[in-house]
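Only the coordinates and a few stated rules stand behind these numbers; no lab work does. Just so you know, these numbers come straight off a predicted model, no measurement behind them. Virtual Cβ from ideal backbone geometry, glycine too; neighbours counted across all protein chains shown.
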Amino acid sequence: MSDIARARRFGRINLEIRDDMPMWKQSLAFLAGVAAGLVISVVILLVSGVGLAALLNEFVVFIFTSPKNISGVLVQAGPLIIVGLSAGIAFKARFWNIGIEGQVIFGAIGATLVAINDIGPPSLRLPLMAFFAALGGMMWILLPTILKLRLRINEIISTLLMNYIAFNFLLHLLYGPWQDPVSSFPHSEQFEDFERLAPLGWQSLNTSLLIAVALVIFCFWFMVKSRFGFQLNFVHSNAQMAKALGVRVAALTLTAALISGALSGLAGFAISAGIESRMTQSFFIGYGFSGILIAFLARNNPLGIVAVSILVATLMIAGQSLQVFYQIPFAMVQLIQAIIVICVAASEFFIRHRVRWVE
Amino acid sequence: MTTGPGRISAHAESGPAHDPAVPALALRSITKSFGDFVALDDVDFDLRSGEVHALLGENGAGKSSLMNVAAGLYAADRGAIEIAGQTVSIRGPSDAQSLRIGMVHQHYKLVMPFNTVENILLANAAGGYRQSLQRVRELISEKADLVGFEVDLDKPVGALSIAEQQRVEILKVLVAGANIIILDEPTAVLTDEEGQRLLEAIRKLAESGCSVALVTHNLNESLMHSDRITVMRNGKVVDTVLPDAVTGPDLTRMIVGESIVEKRHLSTVTGKPRLTVRKVAARRADGLPVLSDLSFDVRSGEIYGIAGVGGNGQSELVEVLMGLLPPSEGHLYLDGPGDITLARSDERRRFGVACIPADRQGYALAGDLSVSDNYAIGGVLSGKYGSWMRLDRKTMTRATRSAVKKYDVQGVRSDGQRSALLSGGNAQKLVIAREFSGDPTVVIAHSPNRGLDVRASAAVHGHLLSARDAGAAVVLISEDLDEILLLSDRIGVMNSGTIVSEFDAPADRHDIGKAMVGHV
């Protein structure tokens, strides 16, 4: 028992489960997580030879004071917010939508279909493209959803595999019927001016950011304010109990999955019509996992998704300039992003638990 | 009795006056608070070797907290722990284990896909895997023989019944070498018969030299199966008594501070049949037929009790009534809407059917969500609290607060508190508050007093009776014959998935017992 006696002199950490935590404290925990991640990253960068002054210059001055970079972050954040919402709403219904990229591809295909076939009058072209993009995304998630609800086929596998189908179909289109007739490159022809999301008149910002904001408002209403969202919380927490109480679990899951698909489709629209101005063969890459990551870190909360998306976009932009100006290898940039993400994820622990030092 | 905060007092005090022997485990002046709430207030408890010591009290009296201190899960704010007269410091479960203290919790800590041997090995890992596997297997057989347990060692634990899983948990602490064994409400999850077998095993354990602390809220269990009884109330010890020296009513008075005697009072006004079940048959998910040719009627203003040994189709009957399991044959009728055999659960709720399931955490509450959400979901689904566009959270919170007050749900410290943090009795009260908020005309209650203490179960019974007196048709399905006899106006006995006979109250206990076990 001597080791026990020895331990007594030092006291110990006591963990208690918290009843609940007010929203502002949760936000504070989130920010503390970001700060902790940044501190660790700075240490790593200092060790690898980047000067402190240069770092401050990069992160604080360059990112937050240059309008070009602020707009760069916001342009990057737009589609991230939309895919984050897509993942968040599906996860809320315990529908593990891993097929966001496939739905993004089909969203872009829907939009491009309208654009290159000149469907509808020019003034209605963009709304039509958006509509077909949402439809494309919904179509691509419908099959896995039906398979899950009817035959209990695991949607993680089916949505994942649907990504590959979508990708190969995209390649078929770009190397076949939709190949750019002007340059013969494997991408679609460029969209007309009225088929692109209009610039907002400040730096590179365009209406895709407004679309993202509108979708955030919609999702906030749907998930937080409306009766659907309330019921969705029960599907998330205990589907069996929800069913026993009369929540129509299957119908709600279907609705949430379709909205998720539509959102991913709209993300495809926002990227193709807002950033690339055409459909390329790589425009979707990374958005699937980013969406999942963002939704996870934001715990499926629409406002949290906005915050995390901006954080992720900042890391992307800062990473690019670190790479270009300080010859930091890309692996290091990824390492830093991962560290910050892990720190934010770890802050969840302090939301759930109270840590006290007892003598 | 004043010791400094956070200090473990070093001097051993002599035990209570009636105890000359040195106790195997003694807890001295234990104080523990959570925030402002004082869970344990200067509590003394001792456990002699070879005895079964019942720790009796209501939910929330501090029994589990006290035992968690002994098992190293909670650190006491003040007080001392002695093992065989020596002051020890228990700073975590591993300290407790090395002091040969083992605790079996209410919620089991088992890895479901692993078998018994693997689960026990996991908690007692030492040396190479293969040799340990053999060693642990032998140890398990030895300990199982000692207490008379039969456990399948090679089946995945998930495929075992609750009672068998509990035996695995007990064997786990025995294999770890514990000789001070704490069992937290072990019979709460068991049927009467299984509980009886467990109590016999506990006696064998004590005879083999172990000391057993039996946390319970069941009077008969402590009167019949313990050597001494310590009663706790509101975080304090009321007294320690010998079972021969007290009666049930004495103990009740000690537990609740007043006497609670539930009296039978039969229905005065019974109307026409409200719920009619006709020739219902149903199969489980694995295709096994569980219900067959099951028929009964429940009139408005009566409680129809369904008695039976557990596992005769009760759970499936509840699922059929709730609309979760479609019957393969037969029909359900409701006075008014008519045939509801194919109605979904939300439609049945709209027709006025409320349900209090036996598995609260599985079918009645969403543990992650707040008390307020869990209360309001019933109202939200029936169109209360704002429109589909906008949920009225303020009204929801206000309604929850008044329901929490009206139904005496204790332990709600904030509006946003997760419902999983409520104790069993209070969780049940919350379920009842929600289910009764819509003035139901049919109430299905499955083992509503399971895991509840005297006071909580009297309150629950009171609510069922007042629903009946308000004209509801109540179906009470319970494996507790006392509960059935106390509340029912008519009694149906369920055996092998069907009602084998019916009795009018007051019915003879032995007749019902015969019908439960045999074929009439």
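Quick notes on this one:
- Relative contact order (%) - criterion: Cα under 8 Å, at least six apart; region: chain B: 15 percent
- Computed lengthening from B:Ser466 to B:Asp250, 0.36 nm per intervening residue step minus Cα-Cα distance: 75.0 nm
- Cα centroid separation - the stretch B:286-301 against the stretch B:129-161, whole Å: 38 Å
- The stretch B:92-159: C-alpha gyration tensor shape, a/c 1.5 cut-off, then a/b vs b/c: rounded
- Checked against a 32 Å cut-off, the cross-linked pairs A:Lys25/B:Lys394; B:Lys272/B:Lys514; B:Lys263/B:Lys384; B:Lys63/B:Lys384; B:Lys236/B:Lys514 give Cα-Cα distances beyond that limit for B:Lys263/B:Lys384; B:Lys63/B:Lys384; B:Lys236/B:Lys514.
- Under the Debye formula (equal points on every Cα, no solvent term), log10 I(q)/I(0) of the stretch A:75-299 at q = 0.08, 0.16 Å⁻¹: -0.28, -1.02
- With neighbours defined as other Cβ atoms within 10 Å of a residue's Cβ, the residues B:Val117, B:Val493, B:Val189 order from fewest to most as B:Val189, B:Val117, B:Val493.
- For B:Val104, distant residues with modelled amide H under 5 Å away: B:Ile182, B:Leu183, B:Asp184
- Taking B:Thr216, B:Thr341 and counting other C-beta atoms within 10 Å, the order from fewest to most: B:Thr341, B:Thr216
- Pairwise centroid distance, computed over Cα atoms, of the stretch A:67-129 with the stretch A:132-191, Å: 13 Å
- Dipole magnitude of chain B, debye to nearest 20 (Cβ charges: Lys/Arg +1, Asp/Glu -1, about Cα centre): 1640 debye
- Kirkwood hydrodynamic radius of chain B, Cα pairs, Å: 24.8 Å
- Using θ = phi - 60° in the Karplus curve 6.51 cos²θ - 1.76 cosθ + 1.60, the 3J(HN,Hα) couplings for the stretch B:243-249 round to x, 5, 8, 10, 10, x, x Hz; x is entered for Gly and Pro.
- Relative contact order of chain A, defined on C-alpha pairs under 8 angstrom at six or more residues apart (%): 36 percent
- Length gained when the stretch B:Asp408-B:Ser328 is fully extended (0.36 nm per residue, less Cα-Cα span): 24.7 nm
- Stretching the chain fully between B:Lys204 and B:Ala159 yields a gain of 13.5 nm (0.36 nm per residue, less the alpha carbon separation).
- Cα→Cβ-extended label distance, 7 Å offset, between B:Trp388 and B:Ser33, nm: 5.1 nm
- Translational diffusion coefficient (Stokes-Einstein; Kirkwood radius from C-alpha pairs) of the stretch B:185-248 at 20 °C, 1.002 mPa s, in µm²/s: 170 µm²/s
- Reduced Cα scattering model of the stretch B:375-414, Debye log10 I(q)/I(0), q = 0.17, 0.25, 0.32, 0.34 Å⁻¹: -0.46, -0.83, -1.09, -1.15
- Remark: the stretch A:116-123, residue by residue, has Karplus-estimated 3J(HN,Hα) of 7, 9, 6, 7, x, x, x, 5 Hz, where x stands for each Gly or Pro and the curve is 6.51 cos²θ - 1.76 cosθ + 1.60 at θ = phi - 60°.
- Size of charge dipole - the protein assembly as shown - debye, nearest 20, with Cβ of Lys, Arg +1 and Asp, Glu -1, no other charges: 1920 debye
- Exposure proxy ranking, count of Cβ atoms within 10 Å, fewest first, for B:Met389, B:Met254: B:Met389, B:Met254
- Average projection area in nm² (convex hull over Cα atoms of the stretch B:366-439, one quarter of hull surface): 4.5 nm²
- Global geometry of the protein assembly as shown, whether rounded, prolate or oblate, following the gyration tensor of its Cα atoms and the 1.5 cut on a/c: oblate
- Other protein chain Cβ atoms within 10 Å, averaged over every residue that makes up B:88-95: 3
- Two-site FRET efficiency, B:Asp508 against A:His353, from Cβ-Cβ distance with R₀ of 45 Å, rounded to 0.05: 0.25
- Once the C-beta distance of B:Asp145 and B:Ala75 is scaled by a Förster radius of 22 Å, the resulting FRET efficiency is 0.05 to the nearest 0.05.
- Of the GluC sites (Glu not before Pro) in the stretch B:197-259, the ones in a loop by DSSP (not H, G, I, E or B) with at most 14 other beta carbons within 10 Å are B:Glu258.
- Rounded to the nearest whole Hz, the Karplus-based 3J(HN,Hα) values (6.51 cos²θ - 1.76 cosθ + 1.60, θ = phi - 60°) of the stretch A:331-346 follow the sequence 4, 5, 4, 5, 4, 5, 4, 5, 4, 5, 4, 5, 4, 5, 4, 5, with x at glycine and proline.
- Over the protein assembly as shown, dividing the summed -39,500 (n - 2.57) contributions of all DSSP H runs of at least 4 residues by the number of residues returns a 222 nm mean residue ellipticity of -15500 deg cm²/dmol.
- A:Arg152 paired with B:Glu262, simple spin-label distance in nm, labels 7 Å along Cα-to-beta-carbon: 3.6 nm
- Scanning residues 5 or more positions from B:Arg283 or on other chains, those with amide H under 5 Å from its amide H are B:Val290, B:Ser328, with H placed 1.01 Å from N in the peptide plane.
- In the stretch A:61-111, trypsin sites (Lys or Arg not before Pro) in a DSSP loop with at most 16 other beta-carbon atoms within 10 Å: A:Arg94
- Shape category assigned to the stretch A:99-161 from the gyration tensor of Cα positions, a/c cut at 1.5: prolate
- Approximating the spin labels as points 7 Å out from Cα along Cα→Cβ, the B:Asp346-to-A:His172 distance works out to 3.8 nm.
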